[in-house]
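The values are calculated or read from the model by the stated rules, or taken from the named source; none is laboratory data. Since the model is a prediction, treat every value here as computed from it, not as a measurement. Quick reminder, even Gly has a Cβ in these numbers, built from the backbone with ideal geometry, and neighbours come from all protein chains shown. Side chains are part of the model used for accessible areas, which takes the heavy atoms of the whole protein and leaves out ligands, DNA and RNA. Shrake-Rupley method; radii C 1.70, N 1.55, O 1.52, S 1.80 Å.
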Amino acid sequence: MAQENYFIERFEQYKEIERLIYQADKQRTLDRKLFNRIVEKLNAKQALLSQEQKLYLAYFMGYQKVIGGDVQAALTLLNKVIKQDEYTVLKHRAIITKVNIYSTSENYSEGFTVLNKLLPQLNEMEGKTSYADALFAVANFYNRLSIYHLSQQYAWKLQASNPSLRHICLANMLMVESNFFLKQLTVEDIKNINVSHCETVGETMASNFIYVIIAELYLIENKPRLALDLLLRQLPSVKRTEYYLLISRFNSFIAQAHFALGNFDEAERYANMVIERIRVDHSSMSIVRASKILYQINRKNNNLALALKYHELYMAHDKLYNDDLNKRSITYQIAEENNQQKNLRIKLLDEQNRRLILEKVLNERTREKDQLLILSLMLIVAILAYWTYKSKLTQRKLKKMAEYDELTGILNRRCFNELADTAIKYCHQSGQPISLILFDLDEFKAINDTYGHQVGDWVLKNTIMTCQKLCRKNDIFGRFGGEEFTILLPGCDNDKAYELAESCRSVISEISTVETSYDFKISASFGICSSENGSYSLNEIVKAADEAMYHAKSSGRNRVSIYGIDMPNTVEAPCLHETATTLD
């Protein structure tokens, strides 16, 4: 009797744990707080869990770590589930979650490694509950990599897979985001966007990703009031998700809408909410957007020290974000190249197998047919040589993309910094001076907004071509970002740097815009600093040149300023003395 009661009690405990697992799985994306409470109950019952239930608990705890931002701990727990082969459905779900982690943590190369393991398994997953989750994970990964045409393809597959209401919601979210970034979404399309599926199943995170895209579209179309009303209406539900990236995105757009409406105090408050939540080694357009707004507000209020602080923050995160975009593009191209090489190796192995079979047949026949073997070998060598050549060309192309700015053809910021560090060390050791010119095109945003980005690109390319003709072969010319450029002059002091900067300023102002079919003036403001001011540190020279350029801007634009002269608003650095020269 006692043994019978024991088995009844264990069976009831098992049923209760299964009920908790079912509830946790259901509330995972719907109610984060309830999900966390259920996982806590399961964790307290670890001694009673079966092997499968323990794996479910590891999966749930891994998901908790993802939402909390502890990526390494999440991967450790998920790998525990992936290593086993007994519970394949749960294993597939862990792989899917791992793909999603790599898409949000910017570890794209690892993401491709996991993705390439998942894609071959899609056929065997079809018809299972994990199939729709897998299609969503693949589409979402390509979406995060900004490969929107592939994201669309897998979102369409998800829509065609007889999905649940939840997966219809997730597919709609990905389609809206892909269409937006592919410029296939207009304000007129907003009325056709359906978020009812998301609201029906309680997928507030997905519905709010759709709403924030709509708000961004309103802002692009200069409808800040509509954007602000929508964002403020949804903000409470966004906060309940506790997902910091989505919350920051909402706060940054609310700040932008307030700024556009002239509500500068509110714009500053919401922008600061974004800045306060910056995480180490992370950047996003939300941080770029918020820091730019704070820079503009403080500049407007004549708080120059704060304006400079937020301008530096803006430039740093704008660079990080653009570097990440380049990283996504290069990672995708490298993955594609690796896939091609893998397919080539398979093709060559197949060819080799066929050759061995053919060799065996030929050995059994007469000697006259040996020529067929030779031709086969020559074909293999030719194919291998051709693909080796193609691979080298691709690697060279990728190297160039990683070092040079695609639009202007000069060095990008990362490559410029590497060469500049080497040049500065050499000049320091050999006792030679070195100077740096930093310049920024005046009113360039107005040119873009008035005449379009195609004309803006024409201005950037012609400015650089014009200035390059004046530079020496050993001068290091790079694009710092947007319309900001820098020239490092080994062996030159302030006077020689001033001569080059003035020549560049003069020829830029003389560029004819007839080719664009518009009539407008181009000018630039220049800042100069050299090692004569007491430092051979690239960071300090760039910072000083940036302050000199900022002084040139605030003094009327279209002029050259040398760091250290007539710059009353610049705080004197301990190793640099200020001078400035301006041209009327």
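Values computed for the structure shown
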| read-out | value |
| --- | --- |
| Counted residues, the stretch 507-522 - those being open to solvent by less than 40 Å² (accessible area, probe 1.4 Å), in a loop (DSSP other than H, G, I, E, B), farther than 23 Å from Ala552 by Cα and touching a residue at least 60 places away in the same chain (Cβ under 8 Å) | 0 |
| Filter result for Ile464 (outside any strand (DSSP E or B), open to solvent by less than 30 Å² (accessible area, probe 1.4 Å), within 19 Å of Asp442 (Cβ to Cβ) and among the β-branched types (Val, Ile, Thr)) | yes |
| Matching residues, the stretch 426-450, being farther than 21 Å from Ser525 by Cα and either touching a residue at least 24 places away in the same chain (Cβ under 8 Å) or surrounded by 20 or more Cβ atoms within 10 Å (Cβ to Cβ) (or both) | Tyr426, Cys427, His428, Gln432, Pro433 |
| Criterion: in contact with a strand residue (DSSP E or B) (Cβ under 8 Å, 6 or more places away or on another chain), open to solvent by less than 40 Å² (accessible area, probe 1.4 Å), within 24 Å of Arg414 (Cα to Cα) and part of a loop (DSSP other than H, G, I, E, B) - qualifying residue of Cys504, Cys492 | Cys492 |
| Lone qualifier among Leu158, Leu170, Leu150, Leu145 - being at pLDDT below 80 and hydrophobic (A, V, I, L, M, F, W, C) | Leu145 |
| All positions within the stretch 148-162 that are open to solvent by 10 Å² or more (accessible area, probe 1.4 Å) and either without any contact (Cβ under 8 Å) to a residue 24 or more places away in the chain or under 19 Å from Lys98 (Cβ atoms) (or both) | Leu150, Gln153, Tyr154, Trp156, Lys157, Gln159, Ala160, Asn162 |
| Filter result for the condition that a residue is among the charged types (D, E, K, R), under 22 Å from Glu242 (Cβ atoms) and surrounded by fewer than 19 Cβ atoms within 10 Å (Cβ to Cβ), over Lys54, Lys41, Lys80 | Lys41 |
| Within the stretch 215-227, considering residues that are surrounded by 20 or more Cβ atoms within 10 Å (Cβ to Cβ) and over 16 Å from Ser286 (Cα atoms), the one farthest from the chain's Cα centre (by Cα) | Pro224 |
| Search result, residues across the stretch 36-61 that are touching a residue at least 12 places away in the same chain (Cβ under 8 Å) and either in contact with a Ser or Thr (Cβ under 8 Å, 6 or more places away or on another chain) or charged (D, E, K, R) (or both) | Lys41, Lys45, Glu52, Tyr59 |
| Any hit, the stretch 60-68, residues being over 30 Å from Gly127 (Cβ atoms) and either modelled with pLDDT of 80 or more or assigned to a helix (DSSP H, G or I) (or both) | yes |
| Flag for Ile487 being touching a residue at least 40 places away in the same chain (Cβ under 8 Å), open to solvent by less than 30 Å² (accessible area, probe 1.4 Å), of a type in the set (A, V, I, L, M) and not in a strand (DSSP E or B) | no |
| Residue check, Ile254 modelled with pLDDT of 90 or more, within 25 Å of Leu30 (Cα to Cα), touching an Asp or Glu at 6+ places or on another chain (Cβ under 7 Å) and outside any loop (DSSP other than H, G, I, E, B) | no |
| Residue identified as of a type in the set (Ser, Thr, Tyr), closer than 30 Å to Thr88 by Cα and touching an Asp or Glu at 6+ places or on another chain (Cβ under 9 Å) among Ser130, Ser164, Ser151, Ser207 | Ser151 |
| Filter result (open to solvent by 50 Å² or more (accessible area, probe 1.4 Å) and not in a loop (DSSP other than H, G, I, E, B)) within the stretch 536-557 | Asn539, Glu540, Lys543, Tyr550, Ser554 |
| Selection count, the stretch 231-251, where residues are farther than 16 Å from Ala267 by Cα and open to solvent by less than 40 Å² (accessible area, probe 1.4 Å) | 7 |
| Residues being of a type in the set (Val, Ile, Thr) and open to solvent by less than 10 Å² (accessible area, probe 1.4 Å) - total across the stretch 113-146 | 1 |
| Test: residue in the stretch 380-394 that is modelled with pLDDT of 75 or more, farther than 30 Å from Val71 by Cα, in a helix (DSSP H, G or I) and of a type outside the set (A, V, I, L, M) | no |
| Cross-chain or 6+ apart pairs with Cβ under 6 Å, the stretch 231-242 first and over 15 Å from Gly68 (Cα atoms), then hydroxyl-bearing (Ser, Thr, Tyr) | Gln234/Tyr211; Ser237/Thr204 |
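So that you can scan it fast, the table gives a plain yes or no per residue for (1) open to solvent by 30 Å² or more (accessible area, probe 1.4 Å); (2) modelled with pLDDT of 90 or more; (3) of a type outside the set (A, V, I, L, M, F, W, C); (4) assigned to a loop (DSSP other than H, G, I, E, B):
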| site | (1), (2), (3), (4) |
| --- | --- |
| Ile297 | no, yes, no, no |
| Tyr310 | no, yes, yes, no |
| Ala316 | yes, no, no, no |
| Leu320 | yes, no, no, no |
| Asp324 | no, no, yes, no |
